[in-house]
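Let me begin by handing over the structure; questions about it come next.
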There are 2 protein chains.
Amino acid sequence: MAADFSLTCPVPLTRHSTVVMGHGSGGRLTAQLVRELFLPAFDNPLLRKLDDQAVVDVGSSRVAFTTDSFVVTPLFFPGGNIGELAVYGTVNDLAMSGAAPLCLSAAFIMEEGLPMEELAAVVAAMSTAAAKCGVAIVTGDTKVVNRRSADKLFITTTGMGIVPEGTAISASNAKPGDVVILSGTIADHGMAVMSRREGIDFEGGILSDTQPLHRLVAAMLAAGELHALRDPTRGGLGTSICEIAGASKVGVELGSSAIPVREPVRGACELLGIDPLFVANEGKLVAFVHPDAAGAVLRAMRDTEEGRESTIIGRAVEQHPEVVLLKTEIGGTRILDLPLHEQLPRIC
Amino acid sequence: MAADFSLTCPVPLTRHSTVVMGHGSGGRLTAQLVRELFLPAFDNPLLRKLDDQAVVDVGSSRVAFTTDSFVVTPLFFPGGNIGELAVYGTVNDLAMSGAAPLCLSAAFIMEEGLPMEELAAVVAAMSTAAAKCGVAIVTGDTKVVNRRSADKLFITTTGMGIVPEGTAISASNAKPGDVVILSGTIADHGMAVMSRREGIDFEGGILSDTQPLHRLVAAMLAAGELHALRDPTRGGLGTSICEIAGASKVGVELGSSAIPVREPVRGACELLGIDPLFVANEGKLVAFVHPDAAGAVLRAMRDTEEGRESTIIGRAVEQHPEVVLLKTEIGGTRILDLPLHEQLPRIC
């Protein structure tokens, strides 16, 4: 249930008699659907945490368990494809509990008429991505549906990973005083998909940031204590921070100018009227770190390929619990709240 | 990769430049796709077994891991719905390794416009089904795609289960001399979905057999040694037996008259020109059992609710390895081979 809830939403949401695109946005409607329909039906302590993964006891081991369906369109976009997303996305959801990936499953729903060449290219990309993560795809499933009963190809990957002893990372574990560290620029993935989908060639070129993050997390764990971790995929950085603030009942203060956005991405967002804070990333993480450990963790992050551009973007505070404040560049303050509607559908 | 391969297929299959419905049949085209595309790309020892689940070592525990996407249409059919199938199907794939279910994940792909009432009914059915199995849905995902980019609702469930010590059940572990036991009537599920889809009201009524099988398997394990187990879902009993014969390199001889088919189901199959041997079941299993244990296992099966109609249907033999012979009721012998084409698309 990645990025699937918000406790910062004060207004009762409109009831819907059918599923609408916004229910898949990772924003307020998704949160409502999860809170009002799925959570009451399936209620149990692990699901209630609404972390990106459940951590299950198996003998004396703690096993992280996570699943995601990938429905991105188009299947291939600048900097990546659905196959890489499916592998890295699940490896990253495991990593957000501190877990190293143990194995993956992959279930394919294919539309009749899907060119075999495209399927083969996606499968080859998954194979390369899995090898890059040192993880095997050990079981799977294939289904075919009639034309117009699916859009080419959907992939659901599920992962198991081993959580190191002594680790207790959770969206509900952030503490006042924690330093908020972001591992690099935001909104690259969403705008890369958007540019390909809309056929817009933004100046400078925009590439998806899709990459695995488990090695970055391992380096961070070795450097100091981590309280909360999220990879801000669907819903973007803004949603992840709001979720952590809500689940941990802390306030958060962010500096807008501290949040790095590549120039062409910023330009594209301005052109299309899209807030980069709520655009999907596929290779970044945000961490809430004990202030005594923040320096060491930041240095460890910058020493990795994936975290070279890591930077401090804010701090958790005792004041205004569950509320995220963004200090704007002109000195104002904005309350960060989840968008109600879908900014960019089918981004992952 | 349930029901996804056949070593009995002697003829080179036609190459396809696009995915066709037959690639999802669980028959020869599915087998070809898995063997020629997925297996070479993802190759690893666990996947190569092509069991319905992978068994992964976690500390000193053996964890069964399995995934399936459910794309059945309609969502509700006589005797069940997609939600029950998604829970029982994954519990049963775990059970086929002897495992008791530990936890499930569920990923939902919803079509824009799906009535919220239908979604709620499916989710409620999943909740009841999970409770009936004593298993929790501990993590999940929700995605929404535009109208005509999916057909209402697809659900992918993945399960973890603990394999009891000393158990080594595998499709590749059948031995000559093994007794083949079937837990009840065949083809109920497929013909129930078919009757609802085609709006045919068969005399006598036909209900899906969807039910969990882990308690039946536990009773069998307590009674004696099991070599191979399969729940003959997509592809039916014929496919499961051909797969076990192929993977274990044994011959199999079946008595056609020993295989129970309910009268209305037999009538419906005859009317529609469908072979019940290749029609999906969702609450039956076929077991290859050491001959010394067969009597005790059969009695234990009949003592359970799920296995009350269990019966011996044949035997594994040394002769004609990988070939399945069916003795017909009029005294002839037919070689059982997987159908090339789709009999009943989107049955699970």
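Of all residues in the stretch A:133-151, which are touching a helix residue (DSSP H, G or I) at 6+ places or on another chain (Cβ under 8 Å) and more than 18 Å from B:Thr73 (Cα to Cα)? If you could, list the steps in order and put the result at the bottom.
Let us first name the residues in the stretch A:133-151 that are touching a helix residue (DSSP H, G or I) at 6+ places or on another chain (Cβ under 8 Å), namely A:133, A:135-140, A:142-146.
Residues satisfying the conditions are A:Cys133, A:Val135, A:Ala136, A:Ile137, A:Val138, A:Thr139, A:Gly140.
Something else: Based on what the data block shows, is B:Glu117 out of contact with any Ser or Thr (no Cβ under 6 Å at 6 or more places or on another chain), free of Cβ contacts under 8 Å to residues at least 24 places away in the same chain and away from chain A (no Cβ under 14 Å)? Give the steps one after another, and end with the answer.
Numbers: out of contact with any Ser or Thr (no Cβ under 6 Å at 6 or more places or on another chain): yes; free of Cβ contacts under 8 Å to residues at least 24 places away in the same chain: yes; away from chain A (no Cβ under 14 Å): no.
Spelling it out, it is not the case that B:Glu117 is out of contact with any Ser or Thr (no Cβ under 6 Å at 6 or more places or on another chain), free of Cβ contacts under 8 Å to residues at least 24 places away in the same chain and away from chain A (no Cβ under 14 Å).
Pick from the stretch A:49-67 the residues that are more than 7 Å from chain B (Cβ to nearest Cβ) and touching a residue at least 24 places away in the same chain (Cβ under 8 Å): which of them is surrounded by the most Cβ atoms within 10 Å (Cβ to Cβ)?
At the first step, the residues of the stretch A:49-67 found to be more than 7 Å from chain B (Cβ to nearest Cβ) are A:49-52, A:55, A:57, A:62, A:64.
Next cut, touching a residue at least 24 places away in the same chain (Cβ under 8 Å) only: A:49-52, A:55, A:62, A:64.
Values: A:Lys49: 19, A:Leu50: 24, A:Asp51: 27, A:Asp52: 30, A:Val55: 23, A:Arg62: 21, A:Ala64: 27.
Here the residue is A:Asp52.
Is it the case that the stretch A:26-34 has a residue that's in a loop (DSSP other than H, G, I, E, B), within 11 Å of chain B (Cβ to nearest Cβ) and modelled with pLDDT under 95? Working first, answer last.
Step one: filter the stretch A:26-34 for residues in a loop (DSSP other than H, G, I, E, B), giving A:26-27.
Those still in the list that are within 11 Å of chain B (Cβ to nearest Cβ) too: A:26.
From the residues that got through so far, the ones that are modelled with pLDDT under 95 too are A:26.
Yes: one or more hits.
Moving to a separate point now. Among all residue pairs at least 6 apart or on different chains, which show Cβ distances below 8 Å where the first residue, located in the stretch A:276-299, is under 12 Å from A:Val179 (Cα atoms) and part of a loop (DSSP other than H, G, I, E, B) and the second is open to solvent by 10 Å² or more (accessible area, probe 1.4 Å) and basic (Lys, Arg)?
The qualifying pairs are A:His290/A:Lys175.
From (1) within 30 Å of A:Ala86 (Cβ to Cβ); (2) within 14 Å of chain A (Cβ to nearest Cβ), pick out the condition that doesn't hold for B:Ser172.
Tallying (1) within 30 Å of A:Ala86 (Cβ to Cβ); (2) within 14 Å of chain A (Cβ to nearest Cβ), B:Ser172 fails exactly one: (2).
Assess whether B:Leu46 counts as being without any contact (Cβ under 8 Å) to a residue 40 or more places away in the chain, open to solvent by less than 10 Å² (accessible area, probe 1.4 Å) and within 8 Å of chain A (Cβ to nearest Cβ). Step through it out loud before you land on a result.
On the way: without any contact (Cβ under 8 Å) to a residue 40 or more places away in the chain: yes; open to solvent by less than 10 Å² (accessible area, probe 1.4 Å): no; within 8 Å of chain A (Cβ to nearest Cβ): yes.
So B:Leu46 fails the test.
Determine, yes or no, whether B:Ser105 is farther than 23 Å from B:Leu213 by Cβ, within 9 Å of chain A (Cβ to nearest Cβ) and in contact (Cβ under 8 Å) with a residue 12 or more places away in the chain.
Details: farther than 23 Å from B:Leu213 by Cβ: no; within 9 Å of chain A (Cβ to nearest Cβ): yes; in contact (Cβ under 8 Å) with a residue 12 or more places away in the chain: yes.
When the stated conditions are applied, B:Ser105 does not pass them.
Residue under question is B:Gly273, and the condition is that it be free of Cβ contacts under 8 Å to residues at least 40 places away in the same chain, within 27 Å of B:Gly251 (Cβ to Cβ) and surrounded by fewer than 17 Cβ atoms within 10 Å (Cβ to Cβ); does it hold? I'd like the intermediate steps shown before the answer.
Values: free of Cβ contacts under 8 Å to residues at least 40 places away in the same chain: yes; within 27 Å of B:Gly251 (Cβ to Cβ): no; surrounded by fewer than 17 Cβ atoms within 10 Å (Cβ to Cβ): yes.
Considered against the rule, which asks whether it is free of Cβ contacts under 8 Å to residues at least 40 places away in the same chain, within 27 Å of B:Gly251 (Cβ to Cβ) and surrounded by fewer than 17 Cβ atoms within 10 Å (Cβ to Cβ), B:Gly273 comes out as no.
Among the residues of the stretch A:92-119, how many are assigned to a strand (DSSP E or B) and either among the basic types (Lys, Arg) or open to solvent by less than 10 Å² (accessible area, probe 1.4 Å) (or both)? Before the answer, list the steps.
The initial filter retains those residues of the stretch A:92-119 that are assigned to a strand (DSSP E or B), namely A:100-111, A:115.
Still in the running and either among the basic types (Lys, Arg) or open to solvent by less than 10 Å² (accessible area, probe 1.4 Å) (or both): A:103-110.
So the count comes out to 8.
Another question about this same structure. More than 7 Å from chain B (Cβ to nearest Cβ), surrounded by fewer than 21 Cβ atoms within 10 Å (Cβ to Cβ) and either under 30 Å from A:His227 (Cα atoms) or of a type outside the set (Lys, Arg) (or both) - does that describe any residue in the stretch A:83-91? Working first, answer last.
Pass one, the stretch A:83-91, residues more than 7 Å from chain B (Cβ to nearest Cβ): A:83-91.
Subset that is surrounded by fewer than 21 Cβ atoms within 10 Å (Cβ to Cβ): none.
The answer is no; no qualifying residue exists.
Which members of the stretch A:261-270 meet the condition of being open to solvent by 30 Å² or more (accessible area, probe 1.4 Å) and assigned to a loop (DSSP other than H, G, I, E, B)? Walk me through it before giving the result.
Within the stretch A:261-270, the subset open to solvent by 30 Å² or more (accessible area, probe 1.4 Å) is A:262-264, A:266-267, A:270.
Scanning the stretch A:261-270 gives a single hit, A:Arg262.
The values are calculated or read from the model by the stated rules, or taken from the named source; none is laboratory data. The shown structure was predicted, so the numbers you read here are calculated from the model rather than taken from an experiment. Neighbour counts are summed over all protein chains in view; Cβ atoms, including those assigned to glycine, are modelled from backbone coordinates with ideal geometry. Please note that ligands, DNA and RNA were not included when accessible areas were found on the heavy atoms of the full protein model with its side chains. Shrake-Rupley method; radii C 1.70, N 1.55, O 1.52, S 1.80 Å.
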